[in-house]
Amino acid sequence: MFKHIIRILQFVVCASMSFLPLTGLADDAATFYVLNSQKGLSSDNVWQITQLRDGRMVVMTDRSVDVYNGRRFNSIQIDTALYMPLPDYTGETRLFTDADDHLWMKRKKRLYCFDLRTMKQHKEDGWTASDVFIDSYVCKWLSDGKRLHGNPACKALPLPSEACRLQDIADVGDTIYAFFETGMLVAYRKDGSVLFRSKAYGQEQASQYLLTSLVVKGFDGCIYQVRSGHHGSILLAFDTHSRRWRTLLTSDKMMHTLTATPTGWLYVTTPDGYLRLNPVTGQQETFKELHLPDGSMLSTGINTVLLDREGGIWLGTYQNGLLYSSPLSGLFATRPIDISVFPILTDIYLHSQPLEVFQNYDGKQILTVTPPYVSHLDFDYDQNSLAFQFSTMNYVRPRSTCYRYRFSGDGNQWHTVSADSVPRLVDDNGVFYLPLVGLSPGHYTLEVMATTNPGHWDKRNVRRITFTIRPPWWQSPVAFAFYILGAGMLVFFCFRLYRRRLERQNREALLMEQVRRLAEQVNQYEHAEAMVVLSEPKPTPDPSDEKEPPAPEPTEQEKEFMARATQLVEQHIGDSQYGVEQLAADLNMERTGLYKKLTALMQQSPVFFIRSIRLHRAANMLRRGDKSIAEISELTGFSSPSYFTKCFMKEFGCRPSEYPGK
């Protein structure tokens, strides 16, 4: 019976422990997973660790800055010549990240800056600050030795000269706490006024801990500080409520880094391992050996410690890279876990190739920042097959990671995927791969969420990416503007051509009307003269009707000339090539002389004279009626029946078929 009770109690204790909040607890039985150079870390000599806002881990090694996104490491090589002077800082390596995604590394009077968005090291020109600090709001504070300034929400803080160099700051609520190398603490209001001053120890102890200060805010309203010097280190606690100091631990060995857990435990790294301390009870344990997944043990060599947001413990070592342990790693694989994770964009693929390959695709730079910081992208119309890859910092059980996404190109509906539901999209490592193929030109939005509990989605942790696929140049707004302009110009020119054609037709019609009237007048004169030439009787004019005297009778010589000319035309009446040139030559005259003489005698040109004789001969033939119109036109020298008909109508006012007597 007693054994059953013991088993029940053990079960209750184990069950209650499984529901404890994430505390980052680690003991000598905890198993640490290894992330070293064999897994992509640039060096196994780790100096410092910090965590970014999206959960990624930043690792400072002796060679480079490595950023771990849950899938792989990305590195920035450290250029030791590219630094800014920091005369007031004499301590060891410290890492800070600001609101502009810059990583700052302080190390023995030098300041290095790394842009995490572009993964490049850079140096700020005109740097004059003697020290730099970052508060919990990731605002940057600069010290010139006399004042501390930089946060827009606060005024510049005056630094007391008797306190010597400023080593650390911490903000709790609206109060800024400044820690100086003499052990003095000065609390400031936001308006820059001093709230109070306090001192951790006397002058004798102050001289022992002048090298390095490390401040960490606890979850119990206390600020914990590790101070180090040539003769060892001291661990202090300052209660912001009672404004009192407590000495928690002193050691003749160097304390490297410090972190606090939500349950109040402190973890401190030392050359002998790491130390776990309860600041309330004073209980402490030192762990000199760590269990590795392969069953081996790691002894000492621990340089830095960090508690991440998921409650996991990260340890940096001198020779073994990174070690990681989680309080959730001991749970059954079937038991659901619920930790806060954020979807991290790790890669973007264009035509199944990483986008980094196309940094200068067609001479254009597509990606200006690393994928975790991408918010908008622009692609050409032929770059319309994309894929986005996401991961999370779920180290405990990555296969349990679930994703939700919605894409404006497929109806903007939320879709939930996991390794169990859609293996092709989410693999066993919790990596989400979303292909988008054959997209039409337009604007798109992709939103992604991640969780370890499908029943709970944190809408605050939505990764949103917008991108535009530009239309081809012939479909662009500029092209359409040119199309409209070209169409307008074409319509304008067509209208101009139409107007010119109408004007030309009007002018031609007016000219033809004038020619017709002139031809009628000429035909009347030619007809009258032809009657004279052919000796047709003329009606005797009535003297009472004439207002002008009659024209003089031609002389015998002139009559002989007209008879000779008429005879020549009659002789060549069937020759269509016989014209003015031949008639003038037969009369032994110049063309101009013939024109003047015929015009003077008959008031008609040689052309009309010849044509009139031909037409009158044709009229005679029509009256006889023994030949067709086509035969008559050929016998009288006309080139075609149609031309003959046209000339006949002008001469006699009717068609040949309508001529009287036919």
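The values are calculated or read from the model by the stated rules, or taken from the named source; none is laboratory data. Predicted model only: the values in this text are computed from it and were never measured. FYI the Cβ positions are ideal-geometry reconstructions off the backbone, even for glycines, and counts take in every protein chain you see. Surface accessibility is based on the protein's heavy atoms, side chains included, excluding ligands, DNA and RNA. Shrake-Rupley method; radii C 1.70, N 1.55, O 1.52, S 1.80 Å.
Please enumerate the residues belonging to segment 91-128 that are β-branched (Val, Ile, Thr), part of a loop (DSSP other than H, G, I, E, B) and buried (at least 16 other Cβ atoms within 10 Å of the Cβ).
THR93, the sole residue that qualifies.
Looking at segment 60-81 only, could you name the residues that are touching a strand residue (DSSP E or B) at 6+ places or on another chain (Cβ under 6 Å) and open to solvent by 30 Å² or more (accessible area, probe 1.4 Å)?
Listed by number, the residues that qualify are ARG71, ASN74, SER75, GLN77, ILE78, ASP79.
Just to be sure, is SER251 closer than 22 Å to GLY316 by Cα, in contact (Cβ under 8 Å) with a residue 12 or more places away in the chain and either surrounded by 14 or more Cβ atoms within 10 Å (Cβ to Cβ) or of a type in the set (Phe, Trp, Tyr) (or both)?
yes
If a residue has to be of a type in the set (S, T, N, Q), at pLDDT below 85 and not in a helix (DSSP H, G or I) to count, how many in segment 621-662 make the cut?
1
Right, LEU350: closer than 25 Å to ARG404 by Cα, within 17 Å of the chain's Cα centre (by Cα), crowded, with 16+ Cβ neighbours inside 10 Å and modelled with pLDDT under 90 or not?
Yes; evaluated as a whole, the condition is true for this residue.
Among what's in segment 441-500 and is more than 21 Å from the chain's Cα centre (by Cα) and among the charged types (D, E, K, R), pick the residue that is surrounded by the fewest Cβ atoms within 10 Å (Cβ to Cβ).
This residue is LYS459.
Of MET84, MET57, which residue is open to solvent by less than 10 Å² (accessible area, probe 1.4 Å) and farther than 30 Å from ILE366 by Cβ?
Matching residue, one of MET84, MET57: MET84.
Give the number of residues within segment 292-309 that are assigned to a loop (DSSP other than H, G, I, E, B) and in contact (Cβ under 8 Å) with a residue 60 or more places away in the chain.
4
Charged (D, E, K, R), open to solvent by 50 Å² or more (accessible area, probe 1.4 Å) and at pLDDT 90 or above - does that describe any residue in segment 2-21?
no
Checking the conditions here, which among GLN383, GLN389 is in contact (Cβ under 8 Å) with a residue 24 or more places away in the chain and open to solvent by 10 Å² or more (accessible area, probe 1.4 Å)?
GLN389
Within segment 43-53, take every residue that is open to solvent by less than 30 Å² (accessible area, probe 1.4 Å) and assigned to a loop (DSSP other than H, G, I, E, B) and give me the one that is nearest to LYS106 (Cα to Cα).
Applying the filter and picking the extreme gives LEU52.
Out of all the residues in segment 600-620, is one or more open to solvent by 50 Å² or more (accessible area, probe 1.4 Å), in contact (Cβ under 8 Å) with a residue 12 or more places away in the chain and outside any helix (DSSP H, G or I)?
yes
How many residues are part of a helix (DSSP H, G or I) and surrounded by fewer than 16 Cβ atoms within 10 Å (Cβ to Cβ) if we restrict to segment 570-585?
Qualifying residue count, segment 570-585: 5.
Is there any pair with a first residue in segment 136-148 that is over 11 Å from ALA178 (Cβ atoms) and among the aliphatic types (A, V, I, L, M) and a second that is assigned to a loop (DSSP other than H, G, I, E, B) and open to solvent by less than 70 Å² (accessible area, probe 1.4 Å) whose Cβ atoms are under 7 Å apart and which are 6 or more apart or on different chains, and what are they?
Every condition considered, the pairs that remain are VAL138/ASP98; VAL138/ALA99; LEU142/ALA129; LEU142/GLY150.
Filter segment 271-291 down to residues that are in contact with a Ser or Thr (Cβ under 7 Å, 6 or more places away or on another chain) and outside any loop (DSSP other than H, G, I, E, B) and give me whichever is most open to solvent (accessible area, probe 1.4 Å).
Only one residue tops the list, namely GLU289.
Can you report the number of residues in segment 648-659 which are touching a residue at least 12 places away in the same chain (Cβ under 8 Å) and under 12 Å from ALA619 (Cα atoms)?
The number of residues fulfilling the criteria is 6.
Given the structure, is SER299 at pLDDT below 80, closer than 20 Å to PHE32 by Cβ, in contact with a Gly (Cβ under 9 Å, 6 or more places away or on another chain) and open to solvent by 40 Å² or more (accessible area, probe 1.4 Å)?
Yes: the conditions hold for SER299.
Got a number for residues in segment 147-158 being modelled with pLDDT of 90 or more and either open to solvent by 10 Å² or more (accessible area, probe 1.4 Å) or within 16 Å of ASP101 (Cα to Cα) (or both)?
Qualifying residue count, segment 147-158: 2.
Return a yes/no flag: does segment 194-203 have any residue that is open to solvent by 10 Å² or more (accessible area, probe 1.4 Å), among the hydroxyl-bearing types (Ser, Thr, Tyr) and not in a helix (DSSP H, G or I).
Within segment 194-203, one or more residues are open to solvent by 10 Å² or more (accessible area, probe 1.4 Å), among the hydroxyl-bearing types (Ser, Thr, Tyr) and not in a helix (DSSP H, G or I).
From ASP420, ASP378, which residue is part of a strand (DSSP E or B) and open to solvent by 50 Å² or more (accessible area, probe 1.4 Å)?
Being part of a strand (DSSP E or B) and open to solvent by 50 Å² or more (accessible area, probe 1.4 Å) holds for just one of ASP420, ASP378, which is ASP378.
For segment 320-346, name all the residues that are among the polar types (S, T, N, Q) and modelled with pLDDT under 65.
Within segment 320-346, SER329, THR334 qualify.
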